[in-house]
Amino acid sequence: MLFDAIIVLIKGVIVILILLGAGAYMTFLERVLMARMQLRLGPNRVGPLGLLQPIADGIKLLCKERFQPDNIEPFTYWLAPAISLFLALFAFVLIPIGGEIHIAGYPIELRIADVNAGIVFLLAFSSLAVYGIVLAGWASNNRYSLLGGLRGTAQMISYEIPMGLSILTVVLSVGSLSLPAIVEAQRDHWLVWTNPVSFIIYLITAFAETNRAPFDLPEAEHELTGGYHTEYGGMKFAIFFLAEYINILAVSAIAVTLFLGGWLGPWDIPVLWFCVKLALFVFFFMWVRATMARFRYDQLMRFGWKVLVPIATLNLIITAYFTLV
């Protein structure tokens, strides 16, 4: 038991370090890709090919002067970024990136935890992410921040409903709430081919859940001067920024697991296949940001409630019918 606990602790530390590094370098990758798509140069001066730019940005944020507004709610003000980062990291506790490997004859699962109701845990904890945004907006004692927090709350609640319905169709198709079981059920065919509507709905809602363009209304710098994190600077802002990119990795990893066969591929190199699929999703997120304009807030809410929710509900009913008949 003690040995198993140590193995889980080591896997957790490794995953956290990888995610923090990946989140930092995703900022660099996005700046480079957007520059190429928009015929600009992008970061290329700090280190070879600009590869040290994230390190320079981290040092800059560490050295920036600490500030906070008057009349804030101090405990909540400091707690909000921690909530956002913790919940972003938590998703990878349950997401499997491979089957089983043997090290020195000891079997090690390529996941931190295997929970029978893994989907339920993911949905439950992802719904808590809204607290980081709304508490940051409320605690900052800033009207723009508060408005951004309220926008984020309404947006995430609205788009969690069609996201949950799209994931439920996967559960109905496979007959299991376990993430490894869902991956194993896709050995013959990926669920993206049998549930394409669910995949498209999930993909759209993933942008809204991560506050990414064209659904980045809680930040909306032209309207809210930064939104819920307007009054955050230095490392507190960096934590929010990092949490956003780790959230992109999380929703992409969930999509790969539910719809694209997880770690499965033509050859027995599970971690590589998982990472390739994950990288394609991350590239798509960045591509959309570089090419699509932001929605108006009324368009955002109308699209969620009047388009996605009815389609997701109808899709669930049809899936249930063909599954049970």
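Tabulated results
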{"read-out": "Net dipole in debye of the chain [+1 Lys, Arg Cβ; -1 Asp, Glu Cβ; about Cα centre; nearest 20]", "value": "780"}
{"read-out": "Neighbour cut-off at most 11 other Cβ (10 Å), DSSP loop, chymotrypsin sites (Phe, Trp or Tyr not before Pro), the stretch 13-88", "value": "Phe67"}
{"read-out": "Long-range lysine pairs (8 or more apart or interchain), the stretch 2-324, Cα under 28 Å", "value": "4"}
{"read-out": "Sparse-neighbour loop sites [chymotrypsin sites (Phe, Trp or Tyr not before Pro); the stretch 209-277; at most 15 other C-beta within 10 Å; DSSP]", "value": "Trp267"}
{"read-out": "Fewest-first sequence of Met37, Met156, Met286 by Cβ atoms within 10 Å of each Cβ", "value": "Met37, Met286, Met156"}
{"read-out": "Trypsin sites (Lys or Arg not before Pro) restricted to DSSP loop in the stretch 109-201 with at most 15 other C-beta within 10 Å", "value": "Arg187"}
{"read-out": "Cut-off 17 Å (backbone N to label point 7 Å along Cα→Cβ of Thr194), residues of the stretch 298-325", "value": "315-325"}
{"read-out": "FRET efficiency, Ile317 to Val271 (Cβ-Cβ, R0 25 Å, nearest 0.05)", "value": "0.10"}
{"read-out": "Estimated [θ] at 222 nm from DSSP helical runs (n ≥ 4, -39500 (n - 2.57)) normalised by residues in the chain, nearest 500", "value": "-22000 deg cm²/dmol"}
{"read-out": "Added length on full extension, which subtracts the Cα-Cα distance from 0.36 nm per residue, Leu123 to Ala56", "value": "20.6 nm"}
{"read-out": "Packing-based exposure ordering (other Cβ within 10 Å, fewest first) of Ser126, Ser198", "value": "Ser126, Ser198"}
{"read-out": "Translational diffusion coefficient (Stokes-Einstein; Kirkwood radius from C-alpha pairs) of the chain at 4 °C, 1.567 mPa s, in µm²/s", "value": "62"}
{"read-out": "Spacing of the two label points (7 Å from each Cα toward its C-beta) at Thr291 and Glu221, in nm", "value": "2.3"}
{"read-out": "Where labels lie 7 Å past Cα in the beta-carbon direction, separation of Arg66 and Ala181 in nm", "value": "4.8"}
{"read-out": "Fewest-first sequence of Ser84, Ser127, Ser173, Ser252 by Cβ atoms within 10 Å of each Cβ", "value": "Ser127, Ser173, Ser252, Ser84"}
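No lab work stands behind these numbers, since they all come straight from the coordinates. Note that the structure is a prediction, hence the values are computed from the model and not measured. Note that we place each Cβ from the backbone using ideal geometry, even for glycine, and neighbour counts take in every protein chain shown.
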